[in-house]
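As structure tokens, the structure follows; a few thoughts come after it.
What follows is calculated from the coordinates using simple rules that are stated; it is not laboratory data. What you see is a predicted model; the values in this text were computed from it and never measured. Glycine also receives a Cβ, built like all others from the backbone with ideal geometry; neighbour counts cover every protein chain displayed.
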Amino acid sequence: MKNSLFFILIATCVSCSFNEPIDYYNAAVGAGNSSHCFMEFESHIERLDEGIQVDSINLAERAMMYVPSNEKVVQDLKDLLGNKESDSMLKAAINLLSSDIACTQNPTTQKLFTAVGNSLTIEELVNNIEPYNTYLDSIYGVKDRLYEIYDKETTWFARKNDIEIKLFGRDIIPGVNDIKK
């Protein structure tokens with residue numbers, strides 16, 4: 001009886017300590033999906049651009065609401081590190097999400113979000129964004145480079161492990177990049 005219990009305990013520990021490739025992939029894709037500090041910002045701009053009447057909102061506060069959960073996701077990804085095959089993908093996801101967190105917490109981003117959130121017309125929006133054009137170019141340049149690396153790493157990992165790609169990013173069309181053709 002004692003030996004059986006010991007064997008079950010060891011088997012449980014061993015089975016829990018090894019993740020399947022899909023577990024690593026899902027963690028990385030989940031992190032990429034969590035990288036949305038500019039989601040509300042872009043949505044507000046799109047509504048104004050489409051002529052939809054909007055109310056003033058506190059975009060800075062909304063973006064900050066995501067930070068604690070994103071920090072937890074980053075920590076969870078760091079806890080998964082140690083597998084040579086998945087580490088590049090996980091590090092790319094960590095970098096993407098960490099950049100998103102840092103951007104959200106940046107005082108300049110906070111001011112930008114406040115200005116955009118207070119914009120009720122397209123004219124106000126244009127005037128409020130103009131002082132931040134260089135900053136926005138820089139932010140989107142970094143985000144694009146990090147996303148490109150993240151996309152490359154997750155795609156490589158999925159193909160290597162025969163995982164159906166679930167990542168539908170900026171330039172990926174669902175169904176087109178299906179691995180199992």
Completion exercise
Taking the range 58-87 and keeping residues assigned to a helix (DSSP H, G or I), of a type in the set (S, T, N, Q) and buried (at least 17 other Cβ atoms within 10 Å of the Cβ) leaves Asn70
Completion exercise
Pairing a residue in the range 102-116 that is in contact (Cβ under 8 Å) with a residue 40 or more places away in the chain and more than 14 Å from Ile57 (Cβ to Cβ) with any residue that is in a helix (DSSP H, G or I) and among the β-branched types (Val, Ile, Thr), where Cβ atoms lie under 7 Å and the two sit 6 or more apart in sequence or on different chains, gives Cys103/Thr109; Cys103/Ile139; Thr104/Val67; Gln105/Val67
Problem - Test: residue in the range 45-54 that is part of a helix (DSSP H, G or I) and surrounded by 21 or more Cβ atoms within 10 Å (Cβ to Cβ) - result: no
